[in-house]
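Any read-out appearing in this document is the output of simple, stated calculations on the displayed coordinates, not a laboratory observation. Remember, predicted model here, so these are calculated numbers, not experimental data. Note: ideal-geometry Cβ built from the backbone for every residue, glycine included; neighbour counts use all protein chains shown.
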Amino acid sequence: MALIQPTHPALRARPTAASPTGEREKSRHRALVTGASAGIGAEFARQLAARGCELVLTARREDRLHALASNLRDTHGIDVEVIADDLADPAAPERIVAAATRGGCAVDILINNAGYGVPGRYDKVDWDTHTRFMQVLVMAPLQLCHLLLPDMRHRGYGRIVNVASLAGLVPATPGNTLYAPAKAFLMRVSQALAMENRACGIHVCALCPGFTHSEFHDVSQARELVSKLPRWMWTNADEVVRQGLDAVERGQVLCVPGRVNRAIKVMMDLLPDRAALGLVARRARHFRLRD
């Protein structure tokens with residue numbers, strides 16, 4: 001099942017005001033994608049554009065956003081707006097939503113994708129770094145949902161994908177101390193929001209990818225470590241995004257893309273807590289910087 005297709009009755013373009021000729025003009029659904037300059041975020045933008053969706057792209061790197069936006073406009077003939085901002089600033093979500101909805105424009109789809117990892121042991125990382133991290137991974141997606149949900153409920157339509165992680169479904173690891181707890185929190189919030197808003201035509205899905213080919217591990221300084229992991233543990237961003245978009249359209253609240261990742265989740269669910277924690281602790285040295 002595909003998202004944003006004119007043949008899909010739930011996703012047909014909504015009518016707008018009458019044109020001068022008296023005919024009803026139609027507008028496409030419009031999506032806000034955070035962290036859209038690279039990796040999974042950029043792939044969300046590409047796949048949503050391919051499915052006929054207009055876009056608002058936000059991230060810190062304005063040059064990359066404009067390059068992606070230009071390509072998507074030329075390829076798909078859609079409207080793409082660029083908003084360069086930093087979600088580590090607590091005022092950023094309000095600025096982004098104000099810009100995205102200026103002139104009465106609607107945001108029908110929210111992709112909370114922005115995120116990164118902070119390498120090292122918890123007490124050796126300065127508090128300001130932890131604070132900025134939690135602002136980006138927890139507070140910003142919460143606020144964006146809070147700002148956009150009222151209009152989604154009023155219109156009777158909305159789709160929210162919160163990009164969590166397989167890390168939020170397994171015991172936490174040493175190193176990148178706050179990453180797994182932040183993703184677990186985002187997953188639980190997604191479940192609650194899905195139940196609260198389903199009757200209003202709003203679907204909320206927590207997408208929980210495992211190791212995915214992107215720039216994420218370069219930012220978290222773990223590229224050298226994770227490059228030693230076997231190839232079968234990795235998933236491509238295009239498959240992660242495709243499964244996530246299909247899942248939210250089905251009304252699926254939790255999506256773990258990839259058979260290997262789903263098997264890991266099932267194994268961790270079945271193991272006693274002590275055994276699961278010990279297994280993850282032993283394996284963490286292969287993909288987490290702790291010192």
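Structure notes:
- Residues His203, His66, His154, His76, ranked from the fewest to the most other C-beta atoms within 10 Å, line up as His154, His66, His76, His203.
- Residue list for the stretch 139-167, given a label point 7 angstrom along the Cα-to-Cβ vector of Ala98 and an amide N cut-off under 16 Å: 144, 147-148
- DSSP beta bridge pairing in the stretch 26-286, given as percent antiparallel to the nearest 5: 0
- Theoretical gain in end-to-end length, Thr75 to Arg242 [0.36 nm per residue, Cα-Cα removed]: 58.2 nm
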